[in-house]
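The values are calculated or read from the model by the stated rules, or taken from the named source; none is laboratory data. Quantities reported herein were computed from a predicted structural model and do not represent experimental measurements. Reconstructed Cβ throughout: ideal geometry from the backbone, glycine too, with neighbour counts over all protein chains shown.
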Amino acid sequence: MIIKKLEEFGITIDSLLDAGMDLYIGSNEERDRVKEKLKEILLKQLSNPNVSTLLIAAILLDNEGRANNLPFNYNEDPNYVYVDEVIGLAIANEIAGTKAIFNFRFYDAKKPGIIGELDRKGFMFLDDAIAGLLAGCMSKVFE
């Protein structure tokens, strides 16, 4: 169900894999194996009810923000509102714990691939949720 919902925003498994691998630092010989492992973990985590519920929450919050139904100016993405990062951190932590929280900061700052696209399209919550998803999954790859 969550995969179909994400596809409505242009977020496909391939776009998630590409963004995850954009920040991969390692040997080219291992790249295909890492990508395959990432796909396996990603699909498993998308069926995790905690992860998928947090992703749905991000989608709903973005929808409410675009409808001007949040208690701040959503279009300005103000610095004092950090609940978008909290969602990303919660997803990362759910998947791989503390190490994923540190990895989240990396994905959130660099915004590779689909994360950057979502950010440029003004999705305040969904870009951080996807950054958390990828940070958690990539952290799991290297456990």
Please work out which residue is farthest from L6 (Cα to Cα), limiting yourself to region 102-115 and to residues that are without any contact (Cβ under 8 Å) to a residue 40 or more places away in the chain and in a helix (DSSP H, G or I). F102
Under 8 Å between Cβ atoms, at least 6 apart or on separate chains: pull out the pairs that start in region 1-22 with a residue that is touching a residue at least 24 places away in the same chain (Cβ under 8 Å) and exposed (fewer than 13 other Cβ atoms within 10 Å of the Cβ) and end on any residue that is of a type in the set (G, A, S) and assigned to a helix (DSSP H, G or I). M1/S52
Matching residues, region 119-143, being among the charged types (D, E, K, R), over 17 Å from L60 (Cα atoms) and at pLDDT 95 or above: R120, K140
